[in-house]
């Protein structure tokens, strides 16, 4: 089929395609977009005529639809197109608000970074570039922050690496090993290190709520044949340390979280436990403002101070 046949493809066709793939139903997609079902069906029919391929197969028994192989390929390209449009909108909005040198910098962060790296990065940024005005957004799940970067709602975000495929550039800042925090009066505080990962199956473990980075860590444990004995999960890093201080369990946390703790023993874990890699991410297709460049440079300068020292003694 001639490439010119694609010239009739419109953005609304792609919006309909994504909605149907997401909802697995023409009627549900129509409702989510505020269209009639006939309008959605007409848009997909026009798209299929333009590209010369069927995009959905109807499942038997009125069980909705599924995307064809051709539809899956097209959806991958559509995701790039819609991402670029979101980036273009964000850049235009920035320019209308005062141009690429606009002083507002929207930063995504999560708690352990917000309590350790971020204050020093912002202090350095303020000293060198006082005109930059940081606007902070905190969320424990880096997947949420990356979604906001992709949509142009954040300019830059701290994240765990590696990233999933998407329109991102990233920079690693800190290798953040997982550690075990123990009350100093517990007999285990004097045991030799590193602690075998198998102990995590026996000990009452307190750890972070499940998010993409935490899930990656626990998947790594299970790949090593270890199922951690998690007795509770907390969103608040300081709460984990407080529970350990009350001798209610053992904290299985990244070392940045352990820095909250006082009067505890921080134990190194078996090197089979891969560290968390903390970095910065931003939209690869958006303009990088002077404020972004200054923030990234400040983060690179501060980050080496937060590598966990080899001597993990009582804090």
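Residues in region 19-61 that are over 35 Å from the mean Cα position of the chain (by Cα) and part of a helix (DSSP H, G or I): 38, 39, 42, 45, 46, 49, 50. Is it fair to say residue 182 is assigned by TED's automatic domain parsing to the domain that holds residue 218, modelled with pLDDT of 90 or more, in contact with a strand residue (DSSP E or B) (Cβ under 9 Å, 6 or more places away or on another chain) and under 30 Å from residue 246 (Cβ atoms)? Considered against the rule, which asks whether it is assigned by TED's automatic domain parsing to the domain that holds residue 218, modelled with pLDDT of 90 or more, in contact with a strand residue (DSSP E or B) (Cβ under 9 Å, 6 or more places away or on another chain) and under 30 Å from residue 246 (Cβ atoms), residue 182 comes out as yes. Against the test of being more than 26 Å from the chain's Cα centre (by Cα), touching a residue at least 40 places away in the same chain (Cβ under 8 Å) and surrounded by 14 or more Cβ atoms within 10 Å (Cβ to Cβ), the options 205, 182 yield a single qualifying residue, 182.
Just one of the listed residues (224, 242) is without any contact (Cβ under 8 Å) to a residue 12 or more places away in the chain, over 18 Å from the mean Cα position of the chain (by Cα) and surrounded by fewer than 20 Cβ atoms within 10 Å (Cβ to Cβ), and it is 242.
Looking across region 72-105 at every residue that is at pLDDT 70 or above and not in a helix (DSSP H, G or I), the one that is nearest to the chain's Cα centre (by Cα) is identified as 105. Can you spot a residue in region 28-43 that is at pLDDT 90 or above and either outside the structural domain of residue 80 (by TED's automatic domain parsing) or touching a strand residue (DSSP E or B) at 6+ places or on another chain (Cβ under 6 Å) (or both)? No: zero hits.
The values are calculated or read from the model by the stated rules, or taken from the named source; none is laboratory data. Everything numeric in this text was worked out from a predicted model, so none of it was measured. Reconstructed Cβ throughout: ideal geometry from the backbone, glycine too, with neighbour counts over all protein chains shown.
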